[in-house]
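Notes to accompany the following structure.
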Amino acid sequence: MIEPPSGASLHRLEYRVPFFDTDAMGVVHHAKYLHFFEMGRVRWMDEYHRPYTDYVERGLHLAVTQARVEYHSSARFDDRLEVTTWLAWVHGASLAMSYTIYEGDRLIASGTTEHAAVDNEGRVRRIPREDRQQLAAKTPPA
């Protein structure tokens, strides 16, 4: 079992796989896992920091700069998945979120996304100090 670091602020999202998430082989399409990560990330922000819409209203976005998914097992139609999300790290203008997806005790996927704070024109901007401090308080202890 892959476990989040001790002390991490965790959000757990339950997701029941609809038929339209599956491909011709009857398994969840590989690209859907990034959607699951995003759902977890947005909910994590709601629970532990501030809604992502607050960033957008301030002219900031958290653009994905890197995404890594490791596929451990296949999920299928009607599986009940648990997407666990936590903040891995935060720096001046970037952050990373990590994820695991389980169906019961079976590890389906794990991964990380990295994000750069950018303005409406796509220029990199520092995450505001107050936000960085709040986020840093939610990172797992080293």
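Some observations on this one:
- Estimated from helical segments only, the mean residue ellipticity of the chain at 222 nm is -6500 deg cm²/dmol, where each DSSP H run of four or more residues counts as -39500 (n - 2.57).
- Amide H partners (placed H, <5 Å) of residue 76, local residues excluded: 28
- Simple spin-label estimate for residue 3 and residue 57 in nanometres, 7 Å along Cα-Cβ: 3.9
- Here the Karplus curve 6.51 cos²θ - 1.76 cosθ + 1.60, taken at θ = phi - 60°, turns the phi angles of the stretch 57-65 into couplings of 4, 8, x, 10, 9, 10, 6, 6, 10 Hz, with x standing for Gly and Pro.
- Using alpha-carbon coordinates, inclination of helix 32-48 to the longest axis of the chain, degrees: 50
- Two-site FRET efficiency, residue 80 against residue 134, from Cβ-Cβ distance with R₀ of 30 Å, rounded to 0.05: 0.40
Just so you know, all these numbers are worked out from the coordinates, no wet-lab data involved. Computed from a predicted structure; not experimentally measured. Note that each Cβ is placed from the backbone with ideal geometry, even for glycine, and that neighbours are counted across all protein chains shown.
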